[in-house]
Amino acid sequence: MEKQNEVVLFGTWASGYCKRVEIALALKGIPYEYVEEDLTNKSESLLYHNPVHKKVPVLVHNGKSIAESLVILEYIDDCWKQAPKLLPEDPYLRAKLRFWANFYDQKFMASSLQITMSRGEERERAIKDFSEVLKVFEDGVKKDFPAEFPCFDGKNLGFLDIVVGAIACNYEAVNEVVATIFSPETNPTFWSWVTALKKQPLMKEMLPPHDKLVAMMRQKFFQSA
């Protein structure tokens, strides 16, 4: 399938992790072929290119496979040097951004999934735990990037904007299907950041359709409820 100098992205329409890669490729102006995967019936190509995790996204560049969205974002920025740069040149700032991106995926996403999978009092505890994680993230990013937070640039999306926005900007679907997990009253700084990201033209264009996402989430998480 892959030819010299071609870029192929294996993904799914509803995945925020895949949307991260789509946004980065679009920002850089990189042409690519998109392959929509059915994760209930994974293609042989996906299994070949990601035999370890067997998940999307997978970027294939000149026949070479790169998996995991954060790794792919860094690869895109390193491989295609044209503006806009996703990560700064300063090693310390790059390290800080990587730290908070990993925190977001390992702590923020894990605690939000607990809300989705729980019910009743267990969900109330999960929401409380999530709020504590979000506060750590919000305060930490604000401390490390006081001049830029929230939304590092009013026009251009940076590394952490993409990492957060591709998922958090779907909060209205989560509110409708699951519960309200953050709001302007409880997390004003994070809310301001996500609201600004949601209005950014490319982010707005790339987000999955709200009604389609709501229907998918209801089927996936509450089919037997």
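The values are calculated or read from the model by the stated rules, or taken from the named source; none is laboratory data. Being a predicted model, the structure only gives us computed values, none of them experimental. As a convention, Cβ positions derive from the backbone with ideal geometry for all residues, glycine included, and neighbour counts pool all protein chains shown. Side chains included, ligands, DNA and RNA excluded: accessible areas come from the protein's heavy atoms. Shrake-Rupley method; radii C 1.70, N 1.55, O 1.52, S 1.80 Å.
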Leading residue by the ranking (nearest to Ala179 (Cα to Cα)) among those in segment 116-138 that are polar (S, T, N, Q) and within 20 Å of the chain's Cα centre (by Cα): Thr116
Which of (1) closer than 21 Å to Gly158 by Cα; (2) of a type in the set (Ser, Thr, Tyr); (3) not in a helix (DSSP H, G or I) does Thr40 not meet, given it meets every other one? (1)
Only one residue in Val21, Val7 is over 25 Å from Ala168 (Cβ atoms) and open to solvent by less than 80 Å² (accessible area, probe 1.4 Å). Which one? Val7
Under 9 Å between Cβ atoms, which residue pairs at least 6 apart in sequence (or on different chains) link something in segment 25-37 that is over 12 Å from Asn5 (Cα atoms) with a partner that is modelled with pLDDT of 95 or more and open to solvent by 70 Å² or more (accessible area, probe 1.4 Å)? Leu25/Pro31; Leu25/Tyr32; Ala26/Glu205
Restricting attention to segment 86-98, report how many residues are within 15 Å of Ala26 (Cβ to Cβ) and either free of Cβ contacts under 8 Å to residues at least 12 places away in the same chain or surrounded by fewer than 14 Cβ atoms within 10 Å (Cβ to Cβ) (or both). 0
Asn175 in contact with a Gly (Cβ under 7 Å, 6 or more places away or on another chain) and closer than 23 Å to Arg20 by Cα: no
Selection count, segment 164-204, where residues are over 19 Å from Ala101 (Cα atoms), free of Cβ contacts under 8 Å to residues at least 40 places away in the same chain and part of a helix (DSSP H, G or I): 7
Within segment 84-115, take every residue that is among the basic types (Lys, Arg) and under 14 Å from the mean Cα position of the chain (by Cα) and give me the one that is nearest to Asp139 (Cα to Cα). Lys107
Of the conditions (1) modelled with pLDDT of 95 or more; (2) out of contact with any helix residue (DSSP H, G or I) (no Cβ under 9 Å at 6 or more places or on another chain); (3) over 18 Å from Met203 (Cα atoms), the single one that Lys55 does not satisfy is (2)
Filter segment 50-83 down to residues that are closer than 27 Å to Phe190 by Cα and exposed (fewer than 13 other Cβ atoms within 10 Å of the Cβ) and give me whichever is nearest to the chain's Cα centre (by Cα). Val71
Report whether or not Asp129 is among the charged types (D, E, K, R) and buried (at least 20 other Cβ atoms within 10 Å of the Cβ). no
Flag if Glu132 is under 19 Å from Phe103 (Cβ atoms), modelled with pLDDT under 90 and of a type in the set (D, E, K, R): no
